[in-house]
Each structure stands twice: as structure tokens, then as C-alpha cells.
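Notes follow once the structure below has been shown.
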Amino acid sequence: MKPFGYVAAKDCEHAVALLAQYGKGARVLAGGTDLLADLKFSPHPPPEVVVDVSRVKEMKGISLTDAGLRIGAITTHGEIIESSVVQQVMPALADAAGVIGAHQTRNLGTLGGNLMTCVPSMDSGPTLLALDAQVTIAGPAGRRTIPLSELFVGPRRTSLQPGELLVDVLVPKENLNKPTGFQKFGLRKGQALALVNAAASAWMNDGLFSEPRIALGAVAPVVIRAPKAEAYLAGRPVSEEAMAEAGRIAATEAKPITDFRASAEYRRDLVAVLVKRCLVAALGRATPNQKELAS
Amino acid sequence: MMKLSFEVNGTPCDLAEIDTRTTLLDALREHLRLTGTKKGCDHGQCGACTVLVNGTRINSCLSLAVQHHGDRITTIEGLGTPGALHPMQAAFVRHDGYQCGYCTPGQICSAVAVLAEIEAGVPSHVTADLGAAPPLTNLEIRERMSGNICRCGAYSNIVDAMAEVAGVKA
């Protein structure tokens, strides 16, 4: 590793002040699983300063608030898996956290880091997009909340400006307990990047799909929604054939590339299969009157 | 350069001057001469560098030493000694849970953490019922050890060693 400055931020404001002061010369250190690999092996010059936010209390932890389920940005994947609240109101997020890296990396890697690294194959993205998650951004001018979908700009690029910091992720109250499924397909069961991952959520009261959301990873420059497949499902009776058709439509909305891991055609086929499986998993989590109970 | 104080294997350690670039792994090996923890891939994929930080297993190669001020670190040297082996170390010897031995310290640290995680009721990706205590099956052990690679392929014997310590048949 080449030399870099290091400051442990005391709180969000301290971190933001440092990020604003150093601008593009600063990198945020949370769990370190991506940043350390970068610092060791990247051909680019090292950052001027690494701003360590791993002890910022405000950014840690999972809590139910009046607004919904709040997950601090430096909450680790391991903590998400262990959380009884997540298991109860958002089990698909625990499913996703459980297939990131391996157990040791999940004890280091953070939810915020997974989103901010912004690789198209991130496993946290699809479930959160399918639940209309929002993110809180702290910056020199104060705080703002944006939909998660507006965070993603391109591979390894987010909409955050220099001086800004991701503080937390919020899944709105009305979407807690919404039946959701997450699926990932990699070349191995352990420690593999997703060739494709996907999540689907929908209320299925009265035997009809309502407010369906389908999100796809690793098949576009960022994690995307599949609006045509969602429109197809909305108001339609719940059936296996409808789920399969939604998968086929989503496959036409994906824009996968061919690389050394898989061909575009193969990834497209996977989208169809995984979307259907996500919907089946969501149905498995649906109970009568779920939406009424949630609100 | 920074000052770093933490506890390693029960002993307080003060490093007066440590380069901020130093990983926890390098601090253990190069500064404290605890060479039991191994450097394999050095980017979080092989698990040879697994240590316990405040009881939680992590890849020490992916963590800066200066992030661990005040932490409690346990390495393979802290689990047992040649004269007084940890039950997991003894079981690895009994079951031949290694061949070349390079991945073994990481495997044993991970194995100790796995049994603690299961006892604490932490579910894994293959746990079917999230509400119940995770069963100590062959599948659970293999999933939970998937972050530790053994190129000699001693996996079956590692599972046997872990099952013996846990008191089950895997």
C-alpha cells in the first residue's frame, strides 16, 4: 500500500467536514472490505486521506421508527442477518446479506459500503429497491433524503458529491412486512459474485398482485427496476403462470453484457428464472390481510 | 504514524508508532511476531488470516490495525498452546483436519467462532427455520466454513473435527 493520511471521524459532522475539506482526495472507510483491496491493488494513486467512519455511533444499528425500519450505513451484513427485527419485517434483506462474500467478510462489510461501492452485482440493492428504500445523505449544507434509486449512477459511481456521506437507509413503514423474495445466482454457493440477482415484492391480498416491484442486479450498469414486468403484474390474479410471464418480460428489460463470467444470453435467461423464483418466495411469505396489519 | 493500544490474547499491547497502512494481519505478524495467523490471498477470499475481534471472526487482512484501538483480539496463539491445546485444536489433530497446515490457524479460529455463533442462535443462509435454533448439520457447518479455503482438501476431516467438538454426528 502507498501512504495515505488517516483520520477516525468522531461523528457524522466531523466526517463531513473532513470529506468537504479534502474533496476528491478523501475516501470513506467503513468495513474496509472493498477499500482495503483497492488501497492494496489499485493502479490509481492512493487517497490523500482515509476518513474512517467505522466508529460513528449514529451510523450504526437497526431500529424501528415512526417512519419505518432504519438501518445505519455502517451496520454490517452479519448484524443484518442476526437482527430479529429484519428477520421479522424484511427477511429478504437477511437473505441478501447472507450471500454476500463469506462469514468473515460479512462481519466487516457494511450495508452502506455495499451500496456506495455501487457495483452492478451488489446483493443489497435489489431488495431495497423493491421496497422503495430511501437514503439519508449528510453534506456541508445539511441533510437530504433521496430515493435509493437516485443514488445509483453507474458502475462504482453514485450521485453523492464530494463532501457528502451516506448516513442511513430507511425502508418506509408502509412496506414493512411486504412479501418479498430475493434470489442470487453465482458460479459457486459461497464467495461468488452474482451473475444475476433479483428481488420482487408485492402485496397479494384478495388473490391479486398489487404494488409489485421487481429489481434486477448485474444486468445493467446499475441495479434497475423492471417497470414493464411490474405493470403486467399489477392487478393480475396471483398464479404461477403470471409469475413466469413477469420473469419473461423482465428478461426483455434487462441489458446484460457478456463477460468472462457469463454471456448476455445466459444472464437474460437467469433473469426470467430468478424473477419467477423471487415471486414464488414472496408468495410463500404472504399471509392474509398482511397489508392491513402493516398499516 | 499513529499510536495503537489493544488487547491481544489477553495481553495489553501498545504500539507506540504504527504506520496507518498496516493491516491488522501485518501488525500481528510483523510487529507482535504472532506468525500463527497466515497471509494467503491478502484480499479477503481465503480465510487464512481469520482472527476473532471482540469474539467476532473477521479477515484480518481487510482491516487496518489503527481501526482496532481498544479491541480484544484472539489469534490461534491465544486459543491454546502445544501443552494445553484448545479442544478444537486437539480435534483437528485427531481427525487429520489439514495436510500442509497453512490454512489451519484460520480454519480453527473460524471453527471456534462457528460453534459460538450456532450456540448464540445466529442463522445462516442455509438455516430453514429462522425462528428455531440452527441445527448443527453437515450442511450448516460447510456453509459457515465457506470463507475458509483449504487447497489440500481436508474439508471432510475439518467437518468431522468440528462435529466432535460440538458433540454431534455430522
Task: Top-ranked residue in segment A:221-240 [being closer than 26 Å to A:Ala264 by Cβ and surrounded by fewer than 17 Cβ atoms within 10 Å (Cβ to Cβ); ranked as nearest to the chain's Cα centre (by Cα)] - done: A:Pro221
TODO: Among residues belonging to segment A:77-106 that are surrounded by fewer than 24 Cβ atoms within 10 Å (Cβ to Cβ) and in a loop (DSSP other than H, G, I, E, B), point out the one that is nearest to the other protein chains (Cβ to nearest Cβ).
DONE: A:Gly98
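In this structure, is A:Asp259 without any contact (Cβ under 8 Å) to a residue 40 or more places away in the chain, outside any helix (DSSP H, G or I) and not polar (S, T, N, Q)?
Values: without any contact (Cβ under 8 Å) to a residue 40 or more places away in the chain: yes; outside any helix (DSSP H, G or I): yes; not polar (S, T, N, Q): yes.
Yes; evaluated as a whole, the condition is true for this residue.
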Task: All positions within segment B:138-152 that are under 18 Å from B:Cys49 (Cα atoms) and in contact (Cβ under 8 Å) with a residue 24 or more places away in the chain - done: B:Arg144, B:Met145, B:Gly147, B:Asn148, B:Ile149, B:Cys150, B:Arg151, B:Cys152
- [ ] Residue by residue through segment A:172-229, note down the ones that are more than 14 Å from chain B (Cβ to nearest Cβ), in contact with a Cys (Cβ under 7 Å, 6 or more places away or on another chain) and closer than 30 Å to B:Gly47 by Cβ.
- [x] A:Gly181, A:Ala198, A:Ala199
Task: Whichever residue in segment B:51-69 is under 17 Å from B:Asp19 (Cα atoms) and part of a loop (DSSP other than H, G, I, E, B) and, among such residues, is nearest to the other protein chains (Cβ to nearest Cβ) - done: B:Ser63
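Check whether at least one residue in segment A:15-27 is part of a strand (DSSP E or B) and at negative phi, and report yes or no. Lay out the reasoning, then the answer.
Taking segment A:15-27 first, the residues part of a strand (DSSP E or B) are A:26-27.
Applying the additional criterion that residues be at negative phi yields A:26-27.
Yes: one or more hits.
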Open item on the list: Can you tell me how many residues within segment B:121-166 are among the acidic types (Asp, Glu) and either over 26 Å from A:Val86 (Cα atoms) or touching a helix residue (DSSP H, G or I) at 6+ places or on another chain (Cβ under 6 Å) (or both)?
Closed with: 2
Task: Condition broken by A:Lys184, with the remaining ones in (1) touching a Lys or Arg at 6+ places or on another chain (Cβ under 8 Å); (2) surrounded by 24 or more Cβ atoms within 10 Å (Cβ to Cβ) satisfied - done: (1)
Open item on the list: With the requirement that a residue be more than 9 Å from chain A (Cβ to nearest Cβ) and under 26 Å from A:Gly5 (Cα atoms), what does segment B:30-50 give you?
Closed with: B:Glu30, B:His31, B:Leu32, B:Arg33, B:Lys39, B:Cys41
Task: Residue that is farthest from the other protein chains (Cβ to nearest Cβ), among those in segment B:100-117 that are crowded, with 22+ Cβ neighbours inside 10 Å and more than 14 Å from B:Thr56 (Cβ to Cβ) - done: B:Thr104
- [ ] Determine the pairs where a residue that is on the phi < 0 side of the Ramachandran plot and more than 14 Å from every other protein chain (Cβ to nearest Cβ), located within segment B:5-29, has a partner that is surrounded by fewer than 17 Cβ atoms within 10 Å (Cβ to Cβ) and among the hydroxyl-bearing types (Ser, Thr, Tyr) with Cβ atoms under 6 Å apart, the partner being 6 or more residues away or on another chain.
- [x] B:Asp14/B:Ser5; B:Arg29/B:Thr35
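We did not get these values from a lab; they are worked out from the coordinates using the rules stated. Quick caveat: nothing in here was measured; it's all calculated off a predicted structure. Cβ atoms come from the backbone with ideal geometry, glycine included; neighbour counts cover every protein chain shown.
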